Amino acid sequence: MSLLEVRNCTIRYQNGTPAVSNVSFSVEKGEIVSLVGESGSGKTTMIRAILGLLPPGGKVTEGEIVLDGRDLLKISEHEMQNIRGREIAMIFQDVGLSMDPVKLINKQYVEAIQVHEDISKEESYDKAVDMLRRMHLPDPKRVMASYPFELSGGMKQRVGIAMGMTTQPKILLADEPTSALDVTIQAQVVREMKELRDKYGATIILVTHNMGVASYLSDKIGVMCKSEMVEYGPRDEIIFSPKEQYTKDLIEAVPKMGGKRFAK
Ligand SMILES: Nc1ncnc2c1ncn2[C@@H]1O[C@H](COP(=O)(O)OP(=O)(O)OP(=O)(O)O)[C@@H](O)[C@H]1O
Ligand SMILES: [Mg+2]
């Protein structure tokens, strides 16, 4: 059985038209899966449903979301709270909003590590600093001694990625985690995410507008268009033999480097 199976999922907000229509996909342990597609196609809605935290008015009206054999739509809110953070964690599209504004990064980060690992504050601090350095934050100790509002959007994104990866959930959901970064740093951070996945075997579901990022990072790619997942499959299949015109258009939009768009 797959680690995560989303089966025939339909999600609606108050107005009733589906934001996600009959979407199915499965994720194996250790895979990186990217969801790509136009703005408003339902990517954030889909991954928030996996976390069990849809915005007010949002509801999964049909389907199943099965993690390790448990249908997350059938368990109690209390059970879901235990799963959230420990088994499923999310880096939000606006990561700043998920940080505690009145707590130093140091305190938030060390607490987050200590929820999962029985190690001292000092060890947790060192681990955090090491992770921030991997995310190419130039002065990790200053970042640790800052409040979220003292950091730029791109810095907060990198702190969010670092925290998400350090606490090693079964599944890390990441909503456009690199979109606020300039391209060179984006490339470095994406490379680090891939390395960390190789090191820790993290399972990641990533939302991105950028087919280039998806192609570089992913084992599988899901293409979303107008609430539907129009194509889902292994990275090579989607990149080198896309079936849908919409997928072809997304691929065409990626700039060529040295005459080539993607390496095999
Ligand atoms: N809180 C909400 N209340 C009502 N409708 C919503 C809400 N959030 C999203 N929607 C609607 O659901 C649909 C999908 O939105 P969603 O945020 O999932 O798209 P997305 O693919 O993540 O887009 P983007 O790339 O711009 O982040 C859109 O039609 C949107 O208007
Ligand atoms: Mg979104």
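In table form, for the structure just shown:
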{"item": "Debye, to nearest 20: dipole size of the chain, +1 on Lys, Arg Cβ, -1 on Asp, Glu Cβ", "result": "400"}
{"item": "Most mobile listed residue (S24, S218, S152) in the chain, GNM with C-alpha springs under 10 Å", "result": "S152"}
{"item": "Simple label model, 7 Å out from Cα along Cβ direction - A145 to M257, nm", "result": "3.6"}
{"item": "Distance between modelled label sites at K29 and N15, nm, 7 Å Cα→Cβ extension", "result": "4.2"}
{"item": "Violating pairs (Cα-Cα greater than 26 angstrom) within the set K127/K256; K156/K199; K74/K194", "result": "K127/K256; K74/K194"}
{"item": "Separation between Cα centres of region 1-65 and region 100-151, rounded to whole Å", "result": "31"}
{"item": "Antiparallel %, DSSP beta bridges [both residues in the chain], to 5", "result": "50"}
{"item": "Equivalent-ellipsoid semi-axes of the chain, from the Cα gyration tensor, Å, largest first", "result": "29, 24, 16"}
{"item": "The chain - mean residue ellipticity at 222 nm from DSSP helices (-39,500 (n - 2.57) per run, n ≥ 4, rounded to 500)", "result": "-11500 deg cm²/dmol"}
{"item": "In order through region 116-123: 3J(HN,Hα) via Karplus (6.51 cos²θ - 1.76 cosθ + 1.60), integer Hz, x for Gly, Pro", "result": "9, 10, 8, 10, 6, 4, 5, 5"}
{"item": "Among H209, H78, H136, residue whose mean-square fluctuation peaks in a GNM of the chain (springs only between Cα atoms under 10 Å)", "result": "H78"}
{"item": "Trypsin sites (Lys or Arg not before Pro) restricted to DSSP loop in region 47-117 with at most 15 other C-beta within 10 Å", "result": "K74, K103"}
{"item": "For region 100-168, radius of gyration divided by Kirkwood radius, i.e. Rg to Rh on alpha-carbons", "result": "0.92"}
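Taken together, the values in this text are just the output of simple stated rules run on the coordinates, not laboratory data. All values reported here derive from a predicted model rather than from experimental measurement. Quick reminder, even Gly has a Cβ in these numbers, built from the backbone with ideal geometry, and neighbours come from all protein chains shown.
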